[in-house]
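Below is one structure, written out as structure tokens, with a few remarks after it.
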Amino acid sequence: MLGKGIIKGMAETARNFLGSYVSAERLTTVQYPEQRIPQIEKARQFPFLVFDGDDPMKGLRCVACQICEKECPPKCIYIVKSKDKRVDYKGQMQLYPATFDIDLSVCMSCQICVEVCPFESIKMDTAYELSTTDRFGGLMVNKHQLAKSNEHYRHIHPTDAAASDAALAVEVAKAQAKAKADIEAKAKAAAEAKAKAAVITPVAPKPVAAT
């Protein structure tokens with residue numbers, strides 16, 4: 001029949017429209033801010049920096065490699081490397097960001113910074129209530145504001161955080177195995193050098209009696 005598809009489409013539209021007033025599954029409007037819709041795990045807003053332990057600055061995973069700064073499409077990430085090094089989560093001496101700023105007024109939430117980071121140090125947050133009366137300075141956030149614990153990451157993105165923790169555990173195990181192998185190699189080399197020195201130690205000549 002001519003127009004049968006149109007009638008079916010209008011019926012489906014009417015069903016969805018009326019259902020949005022009575023069906024709990026279709027009620028998309030809540031009385032915000034008193035009521036809030038739970039964030040889904042894949043939700044993302046703006047980046048944050050992950051830290052391990054209790055000290056946000058000492059525990060930052062970021063080593064100021066500047067890959068995220070270079071790959072950021074709107075160029076809203078600003079990093080300055082430190083002049084000294086400190087021990088990272090793998091027990092290795094690494095640089096750290098003396099400055100790490102993100103201009104949220106420019107950030108497009110593309111997540112490219114997360115994808116290119118080789119240290120699992122920058123992730124996407126789900127916080128969206130970031131309005132401010134200061135259009136420029138208020139949306140320029142520094143590393144102290146960006147630093148959030150790994151527990152926070154596990155809370156908002158449990159699946160991704162579990163994969164991240166597993167990857168870091170592998171890296172830590174590799175670093176520890178390498179450090180142990182280096183210590184054993186040095187100890188072996190020192191023992192061999194000592195044994196060799198003992199073998200080739202010259203014997204003092206006996207004194208010749210005077211005639």
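Derivation of every value follows stated rules applied to the coordinates shown; laboratory data play no part. Computed from a predicted structure; not experimentally measured. Cβ coordinates were reconstructed from backbone atoms using ideal geometry, including for glycine residues, and neighbour counts include every protein chain displayed.
For a quick protection proxy, order the peptides 61-73, 157-169 by their average other-Cβ count within 10 Å, most packed first.
61-73, 157-169
Once you list every other residue whose beta carbon is under 12 Å from the beta carbon of His152, what net charge do they have if Lys and Arg are +1 and Asp and Glu are -1?
After counting each charged neighbour, the total is 0.
Can you tell me how the chain classifies by the Cα gyration tensor, rounded, prolate or oblate, using a/c under 1.5 as the rounded cut?
prolate
So how tilted is helix 158-199 from the main axis of the chain? Cα-based, degrees 0 to 90, rounded to 10.
Between the helix axis and the principal axis of the chain, the angle is about 10 degrees.
Nearest 10 degrees, 0 to 90: what angle lies between the long axis of helix 4-22 and the longest principal axis of the chain (Cα atoms)?
70 degrees
To the nearest 20 debye, what is the magnitude of the charge dipole of the range 1-66 about its Cα centre, counting +1 on the Cβ of each Lys and Arg and -1 on the Cβ of each Asp and Glu?
Approximately 460 debye in magnitude.
Under the rule of -39500 (n - 2.57) per DSSP H run of 4 or more residues, summed and divided by the residues of the chain, what mean residue ellipticity at 222 nm is obtained, to the nearest 500 deg cm²/dmol?
-12500 deg cm²/dmol
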